[in-house]
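Every read-out reported here was derived from the displayed coordinates using simple, explicitly stated rules and does not represent laboratory data. If you're wondering where the values come from, they're calculated on a predicted model, not measured in any experiment. Ideal geometry is used to build each Cβ from the backbone, glycine not excepted, and the neighbour counts take in all protein chains shown.
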């Protein structure tokens, strides 16, 4: 059951209603002596209210405008956090808890160490929480520098050998992508994720546009994947004590007009002369007047030098294009791509990035 907590209000819970709703005087004690009665006139109705102290005693107190608007008005207006799993005596290991709020445009802040959730001490909720051990989740809504009411969810996991076996046999949840597979524009950024907390993601990339189809070795995911040519991403997630997730495949296509692939994989060294030999294939059923651009960038991603070689590609033709360049000593990497000579010099191919090694 969700437990409501409010440490941000005063110790006196103020019920700010006007006694004028009653047509007669209200017997009420203003001190320990219960024998005296208090009757308020109409002129007093806007000035007094009933306060219930934490020890259970009741008193009539004089109100001002601040008192009337005090209390939990801000918290109530912001909203509260709810959970998809009611806290109960025991839940299975690996139970996934999803927090939510009906408040539009609000964030959820939570803690797992029983401390009060704030922007300083809490975590901004982004992914579901997997329950591995006994835990108390405290959460609140946060919007426009204001906090909502704090709610608490207490979860206890099953403490049996069966639960341990469940954990050992549990499989990591499949990898998902931030953008559905399909046709995308050049430069689209793809993020990978899994709902299993603490799992690491690995992926392979198969280049579909290259003349000689290539597949990379498994790489640990740590940054978004940029789609600059048609690719198939195969990804899976692992976690100690869990079975690896199933392998998931995502295919992204780009309507490139020309595709290029580097033939020579020789090291490029700063300050030295290097040859760049590329295969280029015209994917369109028309002649293309193009230029192969080889651009040198420094470590601050500034273009510091470039060369180009032009050619006319026949429909469906594959040709070789090459050029030599002495790479600047401040060069950090090279980008190679094809531009359309007749249509605004815009890129019409995938981009190949070549690292530059510092001269020893």
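Details
- Relative contact order of region 170-261, defined on C-alpha pairs under 8 angstrom at six or more residues apart (%): 37
- Average Cα contact separation per residue, region 258-357, under 8 Å, 6 or more apart, as relative contact order %: 35
- Considering region 75-167 at the alpha-carbon level, its Rg and Dmax are found to be 14.1, 47 Å.
- Computed extension length for residue 322-residue 238: 26.0 nm, one decimal, from 0.36 nm per residue of separation with the Cα-Cα distance subtracted.
- Stretch gain in nm, segment residue 284-residue 145, where the contour uses 0.36 nm per residue and the Cα spacing is subtracted: 44.6 nm
- Debye intensity ratio in log₁₀ form over the Cα atoms of region 300-360, taken at each q of 0.19, 0.27 Å⁻¹: -0.87, -1.40
- Here residue 265 and residue 357 are evaluated by their C-beta separation; at R0 = 22 Å the FRET efficiency comes out at 0.95.
- Convex hull volume of the C-alpha atoms in region 258-357, normalised per residue: 80 Å³.
- Global geometry of region 176-253, whether rounded, prolate or oblate, following the gyration tensor of its Cα atoms and the 1.5 cut on a/c: prolate
- Multiplying the residue separation of residue 310 and residue 124 by 0.36 nm and removing their Cα-Cα distance gives an extension gain of 61.7 nm.
- Estimated FRET transfer efficiency when R0 is 22 angstrom, pair residue 113-residue 197 (beta carbons, to 0.05): 0.90
- Descending by average beta-carbon neighbour count within 10 Å, the peptides 268-276, 135-143 line up as 135-143, 268-276, the highest first.
- Length-normalised contact order for region 75-167 - Cα pairs under 8 Å, 6+ apart - percent: 36
- Sorting the segments 223-229, 352-358 by their mean number of nearby beta carbons within 10 angstrom, highest to lowest, gives 223-229, 352-358.
- Estimated FRET transfer efficiency (residue 226, residue 85; beta-carbon r; R0 35 Å; 0.05): 0.40
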